[in-house]
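Comments concern the structure below.
The values are calculated or read from the model by the stated rules, or taken from the named source; none is laboratory data. Just so it is clear, the structure is predicted and the values come from calculations on it, not from any experiment. Every residue, glycine among them, receives a Cβ derived from its backbone with ideal geometry; neighbour counts consider all protein chains shown. Surface accessibility is based on the protein's heavy atoms, side chains included, excluding ligands, DNA and RNA. Shrake-Rupley method; radii C 1.70, N 1.55, O 1.52, S 1.80 Å.
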Amino acid sequence: MAQTAPVIAARTLEDLGWPTLVDHWAKRCATKRGEARVRSTQMLGDVAAARERAAEITEARGLAARGEPLPLGSISDIAPAIDRVKKAAALEAAELVAVATTGRSLTRLRAHLRERNQVAPKLAARAEAISDLGHVYHPILEAFDADGRLVDHASDALGPLRRALASLKAQLEKSMGSLLTDERFAPYLQDAYYTQREERYVLPVRTDGKGFVAGIVHGTSQSGQTLFIEPQEIVELNNRAKLAEAEIADEERRILAKFSGWVAEEADAFLAALDAAETLDIIAGAAIMAEDTVSAEPIIDEAPRVALLHARHPLMLLAERRCVANDVHVAAGATLLISGPNAGGKTVALKTVGLAALMTRAGLHLTAESGSAMGWFHDVRTDIGDAQSLENDLSTFSGHLVNLRELLTTAGSGSLVLIDEIAVGTEPEQGAALAQAVLEALAARGVTGMITTHYERLKALGATDPRFSNASVGFDLAKLEPTFKLHLGTPGSSGALALAQRMGVATEVVNRARDLIGPHVAKVEDLLSSVADQQRRIEEERAALLAELELVESERHAAKQTREKSLQRFEKQTRAIHGEAFQELKAARREIEEVRRELRAKAAAEITAEDLKAANRRLAIPGAQVSRHEPQRQLPPGTPATPDRLVHGVPLIVPRLGRVEFVAVHTDGKVEVRVGSMRATVPIKEVLIDTHRSARRAEQAKKPEPAPAPVQLPPVVLVDGVPAGGKANARTVETTIDVRGNRADDAVTQVDRFVDESMLAGRDAVFVVHGHGTGALRAAIRSHLNLHKGIDKVRAGEQAEGGDGVTVAFLKG
């Protein structure tokens, strides 16, 4: 069970700018519920919950990077409507549409994550709390039009009622049009029009014509010169129309009450789905903010320590301000003392770490490099800014003392304490001594802290006490300005005299101040400034090397993008060519169907050879158009065949059939080959002599083993496709159709189409492979073929042709 998150003091949140960060987070949520949830509660109760949330944010960022972000649109806050319907209240039409639209969006969200369970398992697990509510929202959405109005088919009664009302209104308008020209009323009308008052049709009658138009007065004009009278002739029609409207309103209320009851039955499921979507929304919002700030998932450590790599202040990044990245390392229970010039970035470093601690408590990604670690701090305390309070009669120093007193009372192990300029506002020697005493007391309690200071006593403490360590912000001696870079391990010069000189204070005044502090102190200041300058130079050289590495990486990335763009362009061209080929294929199919219909329209006896030739010519055109889109395939190794090289026994290859055996050469430039137990006729240009197998056979022929001389057979010449003395109806690939596994109706349709194509191709017979099975498929096919006008006779296949599992149909010549 998740623990309740300890409350962070409001002063700490304000000091660190947490409300501003929360505002950025909330604005990146897609739903009102998600935004409200972010603004109300953000902290998590324990380390496990924070780690889980950080991992979920990583999954959401991964989906967004794939172009598949969480679909959180069209999810409204329907909780108030659900609460009302649970109390047996009927919802209005707009509320029902909102509930149904949200239900559909919730289902879409669950389906989206279910489909991506492999890449986002944690988010998919959260989405499982969303129930399938399609049985509720589908009928509701179907019952409303785009304007949120019930459609006529929302119930059996609504449509007829509306049509009846429309008929009555048509009668009313017709009657009113007639009354406008009626000589009994026309002289007394203010104008030639009719209108409505209180949803009843009326005529505009002059006040002097009141006694001449019998009816009910529904009002007067603003001038008082016109009376709006409902003529006696249409009172009954108006009454019937009002009754029809009342019946429609009753029916619509009944429909809304029915739908509301359906929603009430699934009220708990709707609320649970809303809660799940709300959590997914705040995760998605956190993921967007992490992308905007180039953040990384941290290592969340149970030990209260800080190990940030290239950390940046998140609010400066969100405000698009220049921000220097810094490494920050503070061991558990240790204190980091940061010194250096004013406006050098000490307070920014303090707030960066403080915000990182709070973001870790919320499970957010940190604005630091991957591999950064942040400890789990159950409490974060700050003393930043001017603690002066006129209302409480506190000076700056008194205000700081109040804060230090509270820290000494409440802070302990697991607390992060951030103090800016500790114990300032009093005499420096006493302030430094008080500061050291306070820090030693906090260290004894196991507090982890970061303190900014100008006190030399505290700088010395960082060099002598292992519980403390020094750090400094850099200062550019050449430019006389801070670098905002944090250097760990060395104290820094306050740079007050250098800053005074940069701000335009007279040189003689600055030199006099240098003389007053004495040569020893001046030498220490100069030494610290020199060390800081050397560190700055080292950092600049390191940054230059990193820039070169980034340049190389960017060039590599650019090359990768170029390759990807080329691939995308190739795929786009391929899709375009495929689309053209598909359109050509559709056109070819339409042409084939047109030819088939024309041939079917003629009796079999009426189809002449000229008809078949004309059909072949028509089909050749779309066939050629489709063929030109065929991709060029890499041919297998071999040499083109010629008639003189085609002899029995020569190894052949037909790319679309594979390895084949030679049978005969036709006079029309085609070759008959054997593929297993079947034969096929192919153009000679598609036939290749398998050079690899030929060479292997030649090597075997060189062996000393005696072998009988091969008998050279003369080529078999076929005339009109029929060898001398052979059968014209031999089974080949072109004459065979296999319909096994199809239903009888589908098989008959396929056979019928195949017979038509075979007649167009001038074949003598077709072979239908239907198998044995129960015999139902065989009986259906043979019965159909026996009745076909283009079939001469039908018989079962011979043993060599497949037996009773094959039916042979001989086509009429």
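Of all residues in segment 781-798, those that are within 20 Å of R596 (Cα to Cα) have Cβ atoms under 9 Å from Cβ atoms of residues that are of a type in the set (D, E) and part of a helix (DSSP H, G or I), 6 or more apart or on another chain, in H784/D752; H788/D752; G790/D756. Checked against the criterion of being surrounded by fewer than 21 Cβ atoms within 10 Å (Cβ to Cβ), within 28 Å of E302 (Cα to Cα) and in contact (Cβ under 8 Å) with a residue 24 or more places away in the chain, the candidates E456, E369 yield just one match: E369. For the residues A368, A349, the requirement of being small (G, A, S) and in a loop (DSSP other than H, G, I, E, B) singles out A368. E508 satisfies every condition listed in (1) open to solvent by 30 Å² or more (accessible area, probe 1.4 Å); (2) out of contact with any helix residue (DSSP H, G or I) (no Cβ under 7 Å at 6 or more places or on another chain); (3) assigned to a helix (DSSP H, G or I); (4) modelled with pLDDT under 80 except (4).
Here V217 does not fit the description of being surrounded by 15 or more Cβ atoms within 10 Å (Cβ to Cβ), outside any helix (DSSP H, G or I), more than 60 Å from the chain's Cα centre (by Cα) and not small (G, A, S).
Checking V751, V755 one by one, the residue that is β-branched (V, I, T) and touching a helix residue (DSSP H, G or I) at 6+ places or on another chain (Cβ under 7 Å) is V751 and no other. Is segment 637-647 home to any residue that is in a strand (DSSP E or B), exposed (fewer than 14 other Cβ atoms within 10 Å of the Cβ), modelled with pLDDT of 75 or more and not charged (D, E, K, R)? Yes, segment 637-647 contains a residue that is in a strand (DSSP E or B), exposed (fewer than 14 other Cβ atoms within 10 Å of the Cβ), modelled with pLDDT of 75 or more and not charged (D, E, K, R). From the list G62, G67, the lone residue that is outside any helix (DSSP H, G or I) and either farther than 30 Å from E142 by Cα or at pLDDT below 95 (or both) is G67.
Of the residues in segment 101-132, how many are hydroxyl-bearing (S, T, Y) and open to solvent by 40 Å² or more (accessible area, probe 1.4 Å)? Break it down into steps so the answer makes sense when it comes.
Initial filter on segment 101-132 (hydroxyl-bearing (S, T, Y)): 101-102, 105, 107, 131.
Narrowing the set further to residues that are open to solvent by 40 Å² or more (accessible area, probe 1.4 Å) leaves 131.
So the count comes out to 1.
Yes/no per residue for (1) open to solvent by 50 Å² or more (accessible area, probe 1.4 Å); (2) in a helix (DSSP H, G or I); (3) within 17 Å of G371 (Cα to Cα):
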position	(1), (2), (3)
I255	no, yes, no
K258	yes, yes, no
F270	no, yes, no
L274	no, yes, no
I288	yes, yes, no
A303	no, no, yes
E320	yes, no, no
G333	no, no, no
L336	no, no, no
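Residue count for segment 53-88 under the criterion of being among the basic types (K, R) and in contact (Cβ under 8 Å) with a residue 24 or more places away in the chain: the result is 4.
Does A54 meet the test of being open to solvent by 60 Å² or more (accessible area, probe 1.4 Å) and either touching a Leu at 6+ places or on another chain (Cβ under 6 Å) or modelled with pLDDT of 95 or more (or both)? Spelling it out, it is not the case that A54 is open to solvent by 60 Å² or more (accessible area, probe 1.4 Å) and either touching a Leu at 6+ places or on another chain (Cβ under 6 Å) or modelled with pLDDT of 95 or more (or both). Checking each residue in segment 770-813 for being surrounded by 14 or more Cβ atoms within 10 Å (Cβ to Cβ), assigned to a helix (DSSP H, G or I) and of a type in the set (G, A, S) picks out A780, G805.
Take S260 and tell me if it is more than 14 Å from R200 (Cα to Cα) and in contact with a helix residue (DSSP H, G or I) (Cβ under 6 Å, 6 or more places away or on another chain). Spell out how you get there, then give the answer.
Details: more than 14 Å from R200 (Cα to Cα): yes; in contact with a helix residue (DSSP H, G or I) (Cβ under 6 Å, 6 or more places away or on another chain): yes.
For S260, the condition - more than 14 Å from R200 (Cα to Cα) and in contact with a helix residue (DSSP H, G or I) (Cβ under 6 Å, 6 or more places away or on another chain) - is met.
Sub-6 Å Cβ pairs linking a first residue in segment 221-243 that is more than 15 Å from L168 (Cβ to Cβ) to a second residue that is basic (K, R) and in a helix (DSSP H, G or I), at least 6 apart or interchain, are L227/K210, ordered by first then second residue. Output yes when any residue across segment 551-574 is open to solvent by less than 90 Å² (accessible area, probe 1.4 Å) and more than 34 Å from the chain's Cα centre (by Cα), and no when none is. No, segment 551-574 has no match at all. For segment 226-244, does any single residue satisfy the condition of being open to solvent by 80 Å² or more (accessible area, probe 1.4 Å) and under 30 Å from A89 (Cβ atoms)? Yes, the conditions are met somewhere in segment 226-244.
Among residues that are in a helix (DSSP H, G or I), under 28 Å from D268 (Cβ atoms), open to solvent by 60 Å² or more (accessible area, probe 1.4 Å) and charged (D, E, K, R), D77 is not included. Among the numbered conditions (1) at pLDDT 95 or above; (2) in a helix (DSSP H, G or I), the only one that M316 does not meet is (1).
Selection of segment 256-269 for residues being out of contact with any Leu (no Cβ under 6 Å at 6 or more places or on another chain), under 19 Å from G148 (Cβ atoms) and touching a residue at least 24 places away in the same chain (Cβ under 8 Å) yields L256, A257, W262, V263.
Of the residues that sit in segment 172-201 and are of a type in the set (K, R) and outside any loop (DSSP other than H, G, I, E, B), which one is surrounded by the fewest Cβ atoms within 10 Å (Cβ to Cβ)?
Our first condition is that a residue be of a type in the set (K, R); within segment 172-201, this holds for 174, 184, 197, 200.
Applying the additional criterion that residues be outside any loop (DSSP other than H, G, I, E, B) yields 174, 197, 200.
Values: K174: 11, R197: 16, R200: 18.
Checked segment 172-201; the qualifying residue surrounded by the fewest Cβ atoms within 10 Å (Cβ to Cβ) is K174.
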